[in-house]
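The block underneath contains the structure these notes are about, expressed in structure tokens.
Just so it is clear, none of the values below were taken in a lab; they were calculated from the coordinates. Quick caveat: nothing in here was measured; it's all calculated off a predicted structure. Note that each Cβ is placed from the backbone with ideal geometry, even for glycine, and that neighbours are counted across all protein chains shown.
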Amino acid sequence: MAQDTIQFLVLHRCDPSCNMARYYVLSIEPSLFGDATLIREWGRLGRSGQRRIELYENQSCAMEALETWLQRKQRRGYLLQGGQGGLDRFQCWI
């Protein structure tokens with residue numbers, strides 16, 4: 001994988017009986033200083049969410065953190081979006 005490639009995963013959690021429609025995006029991007037950053041974005045579908053940026057020494061450390069967050073969110077009921085890397089995160093409203 002190229003060093004400047006942006007990778008991201010889109011997760012969602014929808015439960016109409018609880019009026020729950022949430023998304024969670026995990027991405028790894030290079031910083032301006034050559035470090036790797038893990039960007040986490042989350043919120044309610046259809047609304048602007050929150051964003052947190054975490055800096056890591058290298059890409060492998062950022063990948064470990066991404067995998068940790070992915071496992072944590074899957075334990076809480078989030079599902080990986082079908083089109084991995086796609087921005088079609090609003091499908092659960094259909």
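Numbers below:
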item: When the convex hull of its Cα atoms is projected in every direction, mean area for segment 7-84 (nm²); result: 5.5
item: Contour minus Cα-Cα distance for Gln74 and Arg51 (0.36 nm per residue); result: 6.4 nm
item: Net charge, Leu66 excluded, C-beta distance under 12 Å - Lys, Arg +1, Asp, Glu -1; result: -1
item: Phi to ³J(HN,Hα) by Karplus 6.51 cos²θ - 1.76 cosθ + 1.60 over segment 53-69, Hz, x for Gly, Pro; result: 10, 10, 8, 10, 5, 8, 5, 5, 5, 5, 5, 4, 5, 4, 5, 5, 5
